[in-house]
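The values are calculated or read from the model by the stated rules, or taken from the named source; none is laboratory data. Please read all numbers here as calculations on a predicted model, not as lab measurements. We place every Cβ from the backbone using ideal geometry, glycine too, and count neighbours over all the protein chains shown.
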């Protein structure tokens, strides 16, 4: 199994570390030529969605990755990655891949000082730690989008087909349960 991790900006190294600990081969996706290989899944990390979106286009990676997602590659997206997937962003006129039928609010919990950590239920897993850093949340979900977790009445995790999107940063916590869920319930099921 080989998972590609978008490595243009943000917390990609932390995702790679976790995946390698789980025995998963990873590939850093830094330039267009990195997209010429077969992958079993894709990670879109947290970071700055505007910067990531700009670099995806400038480096000629945007169209290929969007096509992969549309064709059904399993995707694990955290924070900025969720914004990249979202069909709509309520407080920003920009949009990116638009493959996830949700409306997201960027920086919904405020600036860096609004960051926090909690323990909440994740559907099919149970209580897990959730670390939010300048995090978005989902204001509205479309048809067939499954809500996986909520915090204080706000949707913070969804699944849509082979796309798993989170507002928080599981790569910063000790729990590996969400990664195991992604591998077992989304990647392996579709291999």
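Condition first: under 22 Å from residue 134 (Cα atoms), free of Cβ contacts under 8 Å to residues at least 24 places away in the same chain and over 13 Å from the mean Cα position of the chain (by Cα). Can you find one or more residues in the range 10-20 that meet it? Among the residues of the range 10-20, at least one is under 22 Å from residue 134 (Cα atoms), free of Cβ contacts under 8 Å to residues at least 24 places away in the same chain and over 13 Å from the mean Cα position of the chain (by Cα), which makes the answer yes. Tallying residues that are surrounded by 14 or more Cβ atoms within 10 Å (Cβ to Cβ) and more than 17 Å from residue 108 (Cβ to Cβ) within the range 126-135 yields 2. Selection of helices (runs of 4 or more DSSP H) fully inside the range 45-91 by the criterion of at least 1 residues being over 11 Å from the mean Cα position of the chain (by Cα) and over 20 Å from residue 3 (Cα atoms) returns 49-58. Any residue in the range 118-133 that is at pLDDT below 95, more than 26 Å from residue 188 (Cα to Cα) and assigned to a loop (DSSP other than H, G, I, E, B)? There is at least one residue in the range 118-133 that is at pLDDT below 95, more than 26 Å from residue 188 (Cα to Cα) and assigned to a loop (DSSP other than H, G, I, E, B). Scanning the range 31-44 for residues that are under 17 Å from the mean Cα position of the chain (by Cα) and more than 13 Å from residue 78 (Cα to Cα), which turns out surrounded by the fewest Cβ atoms within 10 Å (Cβ to Cβ)? Out of the qualifying residues, it is 40.
So which of 18, 5 ends up being in a strand (DSSP E or B), surrounded by 14 or more Cβ atoms within 10 Å (Cβ to Cβ) and touching a helix residue (DSSP H, G or I) at 6+ places or on another chain (Cβ under 7 Å)? Within the list 18, 5, the selection yields 5.
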